[in-house]
Each structure stands twice: as structure tokens, then as C-alpha cells.
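For reference, the structure is listed below as C-alpha cells.
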Amino acid sequence: MGEIRIDHLGDDRIEEAAATLARAFVTNPIHVAAFGPGKLAVNETFFRLGIPLMRGTKLVALEDDAIVGLIHWIESPGCQPTDEDRRTHAPLMLKTFGVRTAWRLRAWLTAWSKNDPPGPHVHLGPIGVEPSAQGRGIGRLLMQRYCDQLDTSGQEGYLETDRPGNVPFYEGFGFRVTGELQVLGVPNYFMTRPAR
């Protein structure tokens with residue numbers, strides 16, 4: 001195991017980042033509900049299409065120059081899709097994933113969008129760590145970068161999670177659950193961290 005280094009994600013590493021996130025999220029309940037169990041290739045396609053659309057800050061954790069984690073955050077209102085985004089992405093999702101999966105994706109992302117805080121905030125997501133590298137503090141290192149940014153700018157943090165086991169992890173960084181919602185039959189938790 002080498003030293004972990006944090007760097008900005010370059011456009012030349014989107015494929016690698018998408019593969020890392022796909023492995024990190026393939027067992028997440030909302031991903032299973034949207035794509036089906038064990039659908040690694042579909043998850044990879046989802047992230048390969050999604051990462052270039054993510055505005056804001058994208059950092060990767062590198063070990064021996066391999067991506068072992070990724071975190072993304074963006075200030076509101078930039079975290080919400082524009083009308084142009086919706087017009088562009090809807091046909092792409094339909095063509096790429098088919099009607100059923102595109103409908104589930106739309107239901108999922110719309111539910112999350114409707115729960116976005118109305119006031120200024122910095123929206124986190126996704127954050128994922130390569131499964132073989134989990135448990136070594138990489139997620140904590142990435143979260144600390146995000147929280148340092150929140151504290152430097154004096155802004156509120158916000159995130160969604162579909163894993164109940166992640167709630168205590170985020171609480172350790174000062175987040176608290178401010179809402180819960182069933183999305184595609186999966187409990188989702190909406191969490192905020194007050195501005196400091």
C-alpha cells in the first residue's frame with residue numbers, strides 16, 4: 001500500500017474514475033433499485049456519462065497513481081439541472097438505458113432534486129472509494145477536504161445517502177439527518193451540516 005495523494009480529476013482519467021465509482025456504488029440500494037443487482041457495466045456507463053456533466057470540484061484519491069476514491073461538490077444553485085440540462089439528458093438517458101431504467105433514473109434524480117435545500121449550500125456527491133481500499137481512511141481524507149472547504153467559505157453542507165450505515169460516518173463530520181424519503185422503495189437520508 002502506497003501513500004494516498006489527493007489531486008484534481010483530469011479529463012484524461014474519466015474512464016478510470018467511472019470504473020472506480022461503479023465498483024464503489026454497484027451494491028448501493030438505490031443503484032440496485034435503478035439498474036438491478038450486480039450491474040457493474042451499467043453503473044460504469046452511468047458514471048462515465050455523469051462525471052463530465054458534474055460542475056464544481058472533483059478530487060481523486062490516488063495510490064501509486066491509481067484512482068482509489070473520488071469526491072465531488074458544487075455550490076448551489078449549480079447543483080440543480082437547468083432546463084437545457086433536462087432537454088439534453090432525457091433523450092440521452094432514454095437512448096443509453098432504455099425506457100424502464102431511464103424512468104427509474106428520472107424518478108430517483110427528481111426526488112433528490114426536490115429535497116435540495118432552498119438556501120445557499122455546497123452539495124456533496126458522489127463520494128466513493130474503491131471497495132478493495134475501503135476501511136483505510138480514504139473516505140475520511142476526502143470528506144475532510146470537503147469540510148475544510150465548507151469551513152473556509154462559511155457555507156452549509158448538504159448530501160444524500162441511501163445507506164443507513166453511512167449516516168454515522170457523515171454525522172462524525174457534523175452532518176445531521178434533516179429528512180428521509182423512500183425513493184424507488186429505498187430509504188434515503190438527506191443530511192445538512194450547518195455553516196460555521
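The values are calculated or read from the model by the stated rules, or taken from the named source; none is laboratory data. A quick note: this is a predicted structure, and the numbers were derived from the prediction, not measured. Here Cβ is always computed from backbone atoms with ideal geometry, including for glycine, and neighbour counts include all displayed protein chains. Please note that ligands, DNA and RNA were not included when accessible areas were found on the heavy atoms of the full protein model with its side chains. Shrake-Rupley method; radii C 1.70, N 1.55, O 1.52, S 1.80 Å.
Tell me the residue from Gly125, Gly139, Gly135, Gly98 that is in a loop (DSSP other than H, G, I, E, B) and either open to solvent by 50 Å² or more (accessible area, probe 1.4 Å) or within 19 Å of Phe47 (Cα to Cα) (or both), please. Before you say what the answer is, go through the steps one by one.
Working: Gly125 fails: in a loop (DSSP other than H, G, I, E, B); Gly139 fails: in a loop (DSSP other than H, G, I, E, B); Gly98 fails: in a loop (DSSP other than H, G, I, E, B).
On inspection, the qualifying residue turns out to be Gly135.
List the residue pairs whose Cβ atoms are under 8 Å apart, where the first residue sits in the range 124-148 and is without any contact (Cβ under 8 Å) to a residue 60 or more places away in the chain and at positive phi, the second is open to solvent by less than 70 Å² (accessible area, probe 1.4 Å) and not hydrophobic (A, V, I, L, M, F, W, C), and the two are 6 or more positions apart or on different chains.
So the pair list comes out as Gly125/His72; Gly125/Glu160.
Restricting to the range 142-175, give me the number of residues that are open to solvent by less than 20 Å² (accessible area, probe 1.4 Å) and in contact with an Asp or Glu (Cβ under 8 Å, 6 or more places away or on another chain).
So the answer is 2.
So Ala66 fits all but one of (1) open to solvent by less than 20 Å² (accessible area, probe 1.4 Å); (2) aliphatic (A, V, I, L, M); (3) under 21 Å from Met143 (Cα atoms); what number is the exception?
Among (1) open to solvent by less than 20 Å² (accessible area, probe 1.4 Å); (2) aliphatic (A, V, I, L, M); (3) under 21 Å from Met143 (Cα atoms), Ala66 violates only (1).
Inspect all residues belonging to the range 5-18 and state whether any of them is open to solvent by less than 50 Å² (accessible area, probe 1.4 Å) and acidic (Asp, Glu).
no
Is it the case that the range 46-57 has a residue that's touching a His at 6+ places or on another chain (Cβ under 6 Å) and assigned to a loop (DSSP other than H, G, I, E, B)?
Taking every residue of the range 46-57 in turn, at least one turns out to be touching a His at 6+ places or on another chain (Cβ under 6 Å) and assigned to a loop (DSSP other than H, G, I, E, B).
Does any residue in the range 1-30 that is touching a residue at least 40 places away in the same chain (Cβ under 8 Å) and part of a strand (DSSP E or B) come within less than 8 Å, Cβ to Cβ, of a residue that is of a type outside the set (S, T, N, Q) and open to solvent by 90 Å² or more (accessible area, probe 1.4 Å) six or more places away or on a different chain, and which pairs are these?
Between residues of the range 1-30 that are touching a residue at least 40 places away in the same chain (Cβ under 8 Å) and part of a strand (DSSP E or B) and residues that are of a type outside the set (S, T, N, Q) and open to solvent by 90 Å² or more (accessible area, probe 1.4 Å), the close pairs are Ile6/Arg145.
Identify, from the list Arg87, Arg55, Arg104, the residue that is without any contact (Cβ under 8 Å) to a residue 60 or more places away in the chain and more than 29 Å from Arg136 (Cα to Cα).
The unique qualifying residue is Arg87.
Tell me which residues, restricted to the range 19-28, are surrounded by fewer than 19 Cβ atoms within 10 Å (Cβ to Cβ) and β-branched (Val, Ile, Thr).
Correct list: Thr27 only.
Looking at Tyr158, Tyr146, Tyr189, can you tell me which residue is out of contact with any helix residue (DSSP H, G or I) (no Cβ under 8 Å at 6 or more places or on another chain) and part of a strand (DSSP E or B)?
Tyr158
Kindly indicate whether Thr152 is outside any helix (DSSP H, G or I) and either at pLDDT below 95 or out of contact with any helix residue (DSSP H, G or I) (no Cβ under 6 Å at 6 or more places or on another chain) (or both).
The answer is no for Thr152.
Inside the range 29-46, can you point out the residues that are surrounded by fewer than 19 Cβ atoms within 10 Å (Cβ to Cβ) and of a type in the set (S, T, N, Q)?
Of everything in the range 29-46, just one residue is surrounded by fewer than 19 Cβ atoms within 10 Å (Cβ to Cβ) and of a type in the set (S, T, N, Q), namely Thr45.
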